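As structure tokens, the structure follows; a few thoughts come after it.
Every number here is computed from the coordinates shown, using simple stated rules; none is lab data. Quantities reported herein were computed from a predicted structural model and do not represent experimental measurements. As a convention, Cβ positions derive from the backbone with ideal geometry for all residues, glycine included, and neighbour counts pool all protein chains shown.
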Amino acid sequence: MEFVFYTIVVTVLAASLGGIIVREMFVRKGQNPDRGLYLGTVLGLPGILYNIDVGNAFLSALVDGLLPLAIAIPLIAVLLPTRALATQHATIPFYRDVEVLRVESQVFFAALFIGTLILLWISLTGNLADSEFALDFNIYERRFGAGLSEGIRFDTDWDWFDELGENPIAYGTWVTILGLVGFSGYRYFRHETRWIAIACAVGAAALILLSPIIIPFLEDTFTRYLQPFSMTRAIMTGFSNTLRIVAVSIVASTVVGVLVGIGLLSNNYLVRNISVIFTEIFRNTPLLVQLILIYQAMLIILPAEFEGAEDLALTSPDSILGFTLHEELYAFSSVGFKHVSLEPTQSSVWLFGSMILGVVVGYLVRRYRLHLQDTKGTPARTWRFVVPIFVAFTAVGWLIAGKAFTADYPGVERVGVRFEYVGGSVISLPFVATFIGLSLYTAAFIADIVRAGIQSVPTGQIEAARSLGLRGGQVLSMIVLPQALRLIIPPLGNQYVNLGKNSTLGFAIGFAEAYTAVQLANNESGQSVPFFVGLMVIYLLLSLTLSVMTNLVNSTTRIRAR
Amino acid sequence: MSDNQTYNNIYVGPKDPPAARRPPASEVGVIGWLRANLFKSLGDTISTILTLTIVTVFVVDTVSWALVSAQWEVIFLNLRQLGSGPEFPSSEVWRIELSSYIAFFLVFMSVGFWGRIPRWAMGLLVLIGVAIVVIPEVSVVVEEPTLHYFVASDYDVRQVAFIAEEGDEITFSFDPLTEDADFGVGSFAGYIANDNQLSDTSWDAFNSVSRDVDRGLLPLRLSDITALTESRVFALPDRPIYDLNVSVAIYNAAGELIQQSEFTNGSADNLVSMTWEAPEKGWYSFAPVFDEDNIGSTGIAWLKVDDLEVFFSTVPETEKRVEEFGEPPELDCRSCATSTNRTDLRFNGERTVPQWFSLQLAPYLTAISTFFFVTLAVSSAGYGMGQVAKYRGNRKWMTRSLVFLWVLSLPIQYVIVIGFENIDDLPIIDTADLGGLFLTIVLSAIGIIASFPVGIMLALGRQSDLPVIKFLCTLFIEVVRGVPLITLLFFGLYILLFVVDGARDVDRVIRMGIVLTLFTAAYLAEVIRGGLQIIPKGQIEAAKALGLNGFYTTVFIVLPQALRAVIPAIMGQFVSLLKDTSLVALFGVFELLGATRRILTDTATGYAALQREGYIYIGIIYFILCYLLAVASRRLETTGAGAVRRERI
């Protein structure tokens, strides 16, 4: 370990010394002295890296650190074209020259930082090699022994890309989606959000139209219990679960948060105080305690899997779980939320197509009505036109499609002495508990943000709107919220990022999200370092994605400078 | 001028306006308030009724559960574990108590010196004190419940030890479980065995049951039944054949048979019962005895025991009995109850409110009374001294001595809790043994104090003109803020011990503390940066003009103003850290949440069915702590140092 320390010291000294010498050279030639310092900095860093593998004595470090610098710096410094210096200020000694001290201190810190990192890395790999878990980044390809309770399978026996490649429509979908994403990204950096909105709309329409093909794919791959093939695939499965919970929780927490936030400012005594109690309770208790409490309470309160199963042994299997089979839409038990699943058939394309057409026609009609309002003064009354148009198009599509969905009801079948659930879909109890906990916790914070945003709108705005004859709902939706949104959205984005990070707590109640998968993989292999790197990458990406999306929305609500 | 009077040319409104000018009755008083606040418009009325319905249903359900069927003994029997952690040696708990008294004294002295306690809070404390004294005194005496002992032919015989005074009459009777009504909630819900795992129900339990049904093997095993108790109504597919031939035997402390009842002879109508009078004061035991010839008999029954003194089989409760009655008998069986265990006698959901007061609230209040009153006395003394210092003393000198006291108390507290080598009364305590609420508060307090300098350095570094330093600080802050805390704790648990040589010996409590500190520092840095940004440029320019260098400008001009402005935000960070300490429970540290998890999942005590009670209780504790901090932060925002300064800027 000692030689690394010497190397750092020597390199820092060398870089400083070399920089100062070259600076003096430049100053005497009447040229810009900064160039020499920067060169010293730049060359000092590779000097450290160069020294790592060489010998472990002070002398070799000295030679290795000093020689390249001593040769390279003056050479390059002299060869580079320079600008003549306007003023001569060679009189300040270097140890009091602010310019020198600035650069030198930075070199020192950079060298210290990189040196410390190297030191720690060497210590880490050494200690790991001494223990039974030598560092091995190939661990990701290793077999994953444990199972995950739910998620999408990324398995070799069902390879997404192979199958998609054979199916021209699905292939086209992927190409379209990727193209739209690329296009949106390009436009995002050019600050043209309108095009992104259109691209998203087109992408959503394409997805909806192709859902009869895509949904069965997903249904096939989503299972209750699965054993992923490798560590990578296990973590991918976990990450897909994280994305699921984050997506639904963001929607739910926003809806609840906005409602409670408006409730915080309500004139109604009861509503206001209930909102206050809600926010205070959920903000001031740890999310982890909330999640565990919700999960355990549900486990105890909800009926067990086979409540009333004595009927099964005595009577026909049509009356289990207190309802008649093949007609019930949902059932709540300690296993999770079972519900009927609707599978779109091939003909549902007609229904979806006409619904999209209805939206497009409705939008055009709305524009026309607004145009009329602007030019002739007739009230636009857009909703009176848009809603019937959409309903009519949907109805026509429904009629054309015939049987657009096949319903699959949840039920129980007896197989020998065992009982198996058949049909329907299940949302697991850990998912439901994580969803409820995350949504309510985040909603409490969002409510406070919404309250602050609404309160920031000047009272004069509301009074002016009132005096123009707008009703309460209109004032809120047309005057207050658009102005409040500008203040609401940036902290709202922070909350979404927090939600994404908090989703890891599902681990505590056995929800198979990304952290759970990583923890299982770590328990199995003991390779904590590669998995830690993986975790960092996953969650930094998630945080980054969520904040970019918020910025995107934010740029649409910003006041445009004229 | 008839209605109005003029005093010195000042107009005063009429004292009693005429009826015509009075507001209508619907606009004033209770009705007026209701109309204005609850039923202003149609939408208002609808939302009132909707909210009221939801709240009523929720509150009624929760309260009736909490007062009728919840079993809060999981709290008051485990207060020591919740307070100082399950690993902390019970003989040393006084050190943690002493340490918290010192902390309370200093906290309330500071509150008395810099602020004041609102009247309502004082009133609340007095009220709690009165309740602690009064409620255990007036609570009704509840008769000892009937002990339900489960007798089954294929279930291990458990000998149960008990205590009796001379002349105590105890009644034993068999109740065969043959009637339909016996299998409802009422019968089974009274009994939850020690090895019960409610969370492990359903599939496996059911399958084993149904397989037995298929093979005609009856009765059910105890674990099958108890797994399906409480909310799980379970009726047998078929009535078991009852031909148990069993009697009950009583043994004395030496293990000699004293008395045995007659056998039931396999008849469900033969309700054998026996009344036994204790010959002398001491320990006894009873157990069902099966007839040797008839060992294959089937059937299940309750052995009901009346008038038996039952107690919680915790160490202190048992020790109390051992002192009075001598050593309990050695029980010769595979799974014996060493005492009459109250966990076997859970209430079956039918408890009156007076019973709740005497069985649930009173023991809790008794358990906390000593700590509460000592704390109250110490806090009052501290508060009084603080108030005296505020109004009588030299403010500057007092401030300095208070800060000095705080600084002095830290090493003293450390020695008290962790111990010192040369003091025999204070043996060294391993940090790994710390836990409970104490550890939660210590972790968050140390976290916020230790992260403060780091946070300031990071914030200044991020504001720096030097690109390298700025880059490094930004990198650290953004990476730490971008990943979940649990990921960093993962680093602390699995990687940190390999990174630094010798870190392997460092206990995981300390490693978690380091991670929490660095995590908080990154967030604190952003908070402080916000404060730095509001400092007007003119302040720095003025400092420069006066000849202060960069260091002095930062320390004497920028930081004091910036930090004062963000005091409320720092308090918010403190609240958030307090909540985040709960995460270390996932990594084997027994702080408040970890201790609770440990208690609730411990199979030996059988609290698995009491998850709700345990987590609700610690939820309330967390809420009180965080809410108090939040309130204090809000007061600082409006009236505190930060607000005053901000006006001046």
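Note on B:615, A:140: ascending count of other Cβ atoms within 10 Å places them as A:140, B:615, the fewest first. Once the C-beta distance of residue B:400 and residue B:556 is scaled by a Förster radius of 22 Å, the resulting FRET efficiency is 0.75 to the nearest 0.05. Residue exposure proxy: A:378, B:553, ordered by other Cβ atoms within 10 angstrom of their Cβ from fewest to most, comes out as A:378, B:553. Each of B:105, B:623 was scored by other Cβ atoms within 10 Å of its Cβ. Listed from fewest to most, they are B:623, B:105. If you plug the beta carbon distance of residue A:375 and residue B:533 into 1/(1 + (r/R0)^6) with R0 = 51 Å, you get a FRET efficiency near 0.55. Straight-line cross-link partners of residue B:281 among the lysines, defined as a Cα under 23 Å from its Cα and at least 8 positions apart when in the same chain: B:304, B:320. For region A:453-521, the set of trypsin sites (Lys or Arg not before Pro) satisfying both a DSSP loop assignment and a count of at most 12 other C-beta atoms within 10 Å is given as A:471. To the nearest 0.05, how large is the calculated FRET efficiency for residue A:301 and residue B:446 if R₀ is 60 Å and r is the Cβ-Cβ distance? Efficiency for this residue pair is about 0.95. Averaged over peptide A:268-274, the number of partner chain Cβ atoms lying within 10 Å of each residue's Cβ comes to 6.
When the C-alpha to C-alpha distance is required to be over 25 Å, the pairs from B:396/B:544; B:390/B:537; A:338/A:403; B:390/B:544; A:501/B:579 that qualify are B:396/B:544; B:390/B:537; B:390/B:544.
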